[in-house]
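The values are calculated or read from the model by the stated rules, or taken from the named source; none is laboratory data. Please read all numbers here as calculations on a predicted model, not as lab measurements. A quick note on method: Cβ atoms are made from the backbone with ideal geometry, for glycine too, and the neighbour counts reach across all protein chains shown.
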Ligand SMILES: Nc1ncnc2c1ncn2[C@@H]1O[C@H](COP(=O)(O)OP(=O)(O)OP(=O)(O)O)[C@@H](O)[C@H]1O
């Protein structure tokens, strides 16, 4: 990344000097200026569509909104458009918040289509609000106030300045917990919510943040053109160009959208000069989009970066593991006293069509226990976990945790109250490093937390401690997706432990894990339990369950069929009949 920053700095110096060294070249200056404008838009778009993965095909709407705000205000108030350009950003942001609050409930194709619809709706409103916008006739603005000898050089620096600020803003967002949360949403939104990310707020903030600088740029652009009309200001081709630029350069990266914007701008210019203008541009952009998706799915910069790393592989940093486990006492003392009910599931049911997955189930988990939840495949164990953590709503019944009713709370609220969980099939954020995964959980939904550094000093230390605890300290800097399945299970455990939950729901912690790691997992659970953490464990490895857990609850057909100490449950004829099998007991004795 340092190399990329240096290269970007060198390019910036060259661009700053270009009009000074070469002042009488209006054409190349204009081409560069349009490149800056496109780069501002692609970098902004990248915040919602690259970081958070919500693809917007209507983002040029914010350019039009900025242009119209500034055009209308400049004409009505008789002020220079440049002085009111920031208000273009304000309008774009306010509209983004209003739209985002509704639209960001959808995802995938629905979101893409709605963003296009919004763009077209904005165009129709601009055509029909004649009193405000002068309809199809458009608005003509005053000519630039500077002497014509300066040509468009002031615009050149205005757009370059805007680009620098936009890139710095985007870099800052990526460095905060907001940025990590957005990437988490892109990779697995349900999981992000379960580790405390207030997904609704994060998405709306990202959408608003992705609109502001486009709105400001729209205001400056209106002055540059000195004329705006609905068709030009709310053009779908503008949105397609933004998407193409970001995809070509590298969606989700910092400099990718900038590099892509310059590349696309050059192609666009070539089309205008050599192939006859707008029609050929549409054809070229369509073809380029197909080629990028087929041959450069990650974009130019990430592909070049991967090629460079293959040629110059970095050495994996090795951190010595501590000789012994060092589990700290829980810092916030547990609310419930040992033996008191911490989680209470009361008459909860959940159906999937005609199938009753959880059937009027009641179950208590007491503070300080390692409670097992076992039962045949399909008996409703994972569904119960989803009901408790908020991944699924219950059809009926109540769920209480630490003295509070939680069944109507959103998943992140339940996490903030002290509920952590791991998944049957690990759900790490595979494009993040192991360290980033461990620090991704959020302890609360405060704005201050959201805008703080992604990895704060004490968190880095805690992440290191936890990774050492599960024996994976040396993999902290690696991509999580590169680890083995068993190692990913351990990283997910470290991730859950980051927030020091009161209760951890472990879904098949031993599934797919080799015997030596299994011993380590059991050891970690025991140590944490001794330090005050309560566990509810779903597991099919019965010897492990009987050794580790007490009490044991048995589900079958979504109902609780037995509950009690392991010695009693393993001899219960109902359990033998429904799950363990008649010949099981002699085999382990
Ligand atoms: N999202 C869903 N849509 C439809 N049916 C579902 C859904 N989730 C679970 N089920 C069904 O509900 C029942 C209970 O599934 P669940 O995953 O809770 O069982 P389980 O006890 O965790 O099984 P296993 O031990 O195999 O993990 C199964 O019949 C399953 O097919």
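Summary of computed values
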{"item": "Test: residue in the range 499-506 that is part of a strand (DSSP E or B) and within 16 Å of the ligand (Cβ to nearest atom)", "result": "yes"}
{"item": "The lone exception for residue 153 - which of (1) surrounded by 22 or more Cβ atoms within 10 Å (Cβ to Cβ); (2) over 30 Å from residue 291 (Cβ atoms) it fails", "result": "(1)"}
{"item": "Residue 204 being on the phi < 0 side of the Ramachandran plot and surrounded by fewer than 22 Cβ atoms within 10 Å (Cβ to Cβ)", "result": "yes"}
{"item": "Residue within the range 510-520 that is within 13 Å of the ligand (Cβ to nearest atom) and without any contact (Cβ under 8 Å) to a residue 60 or more places away in the chain present", "result": "yes"}
{"item": "Helices (runs of 4 or more DSSP H) wholly inside the range 132-248 containing at least 2 residues that are in contact with a helix residue (DSSP H, G or I) (Cβ under 6 Å, 6 or more places away or on another chain), assigned by the TED database to the domain that holds residue 19 and within 30 Å of residue 17 (Cβ to Cβ)", "result": "153-175, 199-225"}
{"item": "Total residues in the range 326-351, condition surrounded by 16 or more Cβ atoms within 10 Å (Cβ to Cβ), in contact with a helix residue (DSSP H, G or I) (Cβ under 9 Å, 6 or more places away or on another chain) and at pLDDT below 90", "result": "1"}
{"item": "Selected residue (only one of 442, 497, 469 is farther than 22 Å from residue 410 by Cα, touching a residue at least 40 places away in the same chain (Cβ under 8 Å) and surrounded by 21 or more Cβ atoms within 10 Å (Cβ to Cβ))", "result": "469"}
{"item": "Yes/no for residue 445 being within 29 Å of residue 520 (Cβ to Cβ) and more than 16 Å from the ligand (Cβ to nearest atom)", "result": "no"}
{"item": "Scan of the range 19-28 for residues that are surrounded by 10 or more Cβ atoms within 10 Å (Cβ to Cβ), without any contact (Cβ under 8 Å) to a residue 60 or more places away in the chain and either assigned to a helix (DSSP H, G or I) or not assigned by the TED database to the domain that holds residue 149 (or both), ordered by number", "result": "28"}
{"item": "Qualifying position, being at pLDDT 80 or above, in the same structural domain as residue 261 (by the TED database) and in contact with a helix residue (DSSP H, G or I) (Cβ under 7 Å, 6 or more places away or on another chain), among 291, 284, 300, 296", "result": "300"}
{"item": "Output for the range 388-414, where each listed residue is within 27 Å of residue 446 (Cβ to Cβ), crowded, with 20+ Cβ neighbours inside 10 Å and within 16 Å of the ligand (Cβ to nearest atom)", "result": "388, 389, 390, 399, 411"}
{"item": "Qualifying residue in the range 352-359 (condition: near the ligand (Cβ under 7 Å from one of its atoms) and touching a helix residue (DSSP H, G or I) at 6+ places or on another chain (Cβ under 9 Å))", "result": "yes"}
{"item": "Test: residue in the range 565-583 that is touching a helix residue (DSSP H, G or I) at 6+ places or on another chain (Cβ under 7 Å), within 16 Å of the ligand (Cβ to nearest atom) and modelled with pLDDT of 90 or more", "result": "no"}
{"item": "When residues of the range 549-560 are limited to those that are surrounded by fewer than 22 Cβ atoms within 10 Å (Cβ to Cβ) and either more than 13 Å from the ligand (Cβ to nearest atom) or outside the structural domain of residue 521 (by the TED database) (or both), the one modelled with the lowest pLDDT", "result": "550"}
{"item": "Number of positions in the range 288-302 that are farther than 14 Å from residue 50 by Cβ and without any contact (Cβ under 8 Å) to a residue 40 or more places away in the chain", "result": "4"}
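Yes or no, residue by residue, for (1) farther than 28 Å from residue 185 by Cα; (2) surrounded by 24 or more Cβ atoms within 10 Å (Cβ to Cβ):
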site: 45; (1), (2): no, yes
site: 59; (1), (2): no, yes
site: 62; (1), (2): no, yes
site: 68; (1), (2): yes, yes
site: 76; (1), (2): yes, no
site: 84; (1), (2): yes, no
